[in-house]
1. How long is the gain from Tyr345 to Thr128 if the chain were fully straight, where each residue apart is worth 0.36 nm and the alpha carbon distance is subtracted?
2. For region 375-464, with all protein chains present and a 1.4 Å probe, just round the carbon and sulfur fraction of the accessible area to a whole percent.
3. Taking the solvent-accessible surface of protein heavy atoms with a 1.4 Å probe, what is the per residue accessible area of region 348-490 in Å²?
4. Calculate the dipole size of region 102-228 relative to its Cα centre from +1 charges on Lys and Arg beta carbons and -1 charges on Asp and Glu beta carbons; express the result in debye to the nearest 20.
5. In debye, nearest 20, what is the charge dipole magnitude of region 177-285 about its Cα centre with +1 on Lys and Arg Cβ and -1 on Asp and Glu Cβ, if you could check?
6. Rounded to the nearest whole Å², what accessible area per residue is found for region 208-339 with the 1.4 Å probe?
7. Run the accessible area of region 64-158 with a 1.4 Å probe and give the carbon-and-sulfur part as a rounded percent.
8. Using only the alpha-carbon atoms of region 342-496, report the extent along each of the three principal axes, biggest first, to the nearest angstrom.
Amino acid sequence: MSRILPRRRVPSPRPSALPSPRLSPVRAAVTATPTARWLLAAALLLPAAPALAQSAAGGTPPLTLRAVPATEVQPGEVALTLEDAIARGLQHNLAAIAAEADVDDARGAQLRSLSTLLPHVSGDVRQTRQVVNLAAFGFTGFPGIPDVIGPFDVFDARVALHAPIFDLEGLRELQSSRADLQADRATLGQTRETVILVIGSLYLEAVTDRARADAAQAELETARTLLQVARDQQAAGVAAGIDVLRQQAQLEAATARQIATANTFEKQKLALARAIGLPAGQAFALASHPEYVAAPAVDPDAALATALASRHDLRAALARVAAARAERQAAGASRLPSVHVDADYGRLGTAAASTESTYTVGASVHVPIFDGGATRARGVEADADVRRREAELADLEAGVRFDVRTALLDIGAADARVHVASTQRDLAREELTQAGDRFRAGVASSIELARAQDAVAAADEQYIASVQAHILAKASLARAMGQVEARFVDLVGGRP
């Protein structure tokens, strides 16, 4: 097991009379070019694109790196592990918060659907004083009865019941709302996985930038040492002045790289802090140091079975198909009669002390006859939604198989790349050792030495890029299998 992000720079174990450049074996997880850095981020984020697209199709807002910042600044410097960063991101990220709110909305919709199938009981107490004009109701011309009677008091205390007996449409609506709730819960899990992938990518890139800054500092120290060696060789008459000039140019280039990499590292830390909701001004250090661990053998059939059973986006798609089918059944059931019972019981009289018991019991049957085509239109819309959801599910199932197979291929290729890059790095260091010995012996110029230095730097970056690709491939497999929240930190070696 080879540590790829060490806590300190480890000098080359190969003995040599010439001080070897203390290039960190983790100079960078990517090359120094912005394009390569974006390619690294894409390597982790692109596998999550289908999940993001499916979330958008299900009504989930697109993932944002914005977060609700904490307000309390802790004293001193906080040691932030990858696990801590992910936990903060899940707590403060706006997309995760919005997904949790969607689950609550769906739960409320389910409760509303359930309420239509449950009895409704209400109570009412009323005390009134009335004057009634009988002539307004057609009671006129009766001897001894005036047209206006009253005032008189009426006291009425009553409990009313409204209960559905048969309402198939309401039952199907309840089934649809339950499926929608399951879909939103699965979408929440999917959003959490995407937050983990994005926050993990930001953290790993920050770790990479820290390694690049350390490597640039090591290169600067090496350049100073080699410049002094060149001056000593010139004073001894075994090196020309141009060799000193070349080493001075190497020193200036190393200084520029050190300034740029240190600045990039600090900006990446700010981006990470913004994404996980750290309060402004909070000092923190990256405490995780991912390691290279060869990927264990994975059975493709077992991985596919796990993915089909665990993928949150697949669960959401299945639930939305069930919701659409239940809604189609509800549209058909709206043509059927519904039966309800209404009853009330109470005390009625002129005052509370002089009341008599009264009650009413009745049943009603509602029979739809003609609604202007609204039911037919609802059925057409429901059929279209079912076809759309079923097509999305079929496409997603095919995508799950593609994701698993692609991730397994990437792991195999990345593992082989690590071994090749490790051999190249050893050869480049051996070349640098021999070039240094030849320069000290006066049989080689600083051109050969500079080329050997560049070869070591390139080999180190190739090695780290391959190790980083291996880590990302394992993370992609965890996403493809629906195991991000459970295994991402362990797979990338983020525990301190």
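The values are calculated or read from the model by the stated rules, or taken from the named source; none is laboratory data. None of these values were measured; they are calculated from a predicted model. Cβ sites come from the backbone with ideal geometry, for glycine too, and all protein chains shown count toward neighbours. Ligands, DNA and RNA are excluded from the accessible area calculation, which covers all protein heavy atoms including side chains. Shrake-Rupley method; radii C 1.70, N 1.55, O 1.52, S 1.80 Å.
1. 76.3 nm
2. On the way: 2490 of 4760 Å².
The nonpolar share, carbon plus sulfur, comes to 52 percent.
3. Working: 7470 Å² over 143 residues.
Each residue of region 348-490 exposes 52 Å² on average to a 1.4 Å probe.
4. Values: 12 positive and 18 negative charges, 57 e Å.
With only Lys, Arg, Asp and Glu charged at Cβ, the dipole is about 280 debye.
5. On the way: 12 positive and 12 negative charges, 50 e Å.
Around 240 debye, computed over region 177-285.
6. Working: 5670 Å² over 132 residues.
Solvent-accessible surface per residue comes out at 43 Å².
7. Values: 3550 of 6090 Å².
So the carbon and sulfur contribution to the accessible surface is 58 percent.
8. 123, 47, 23
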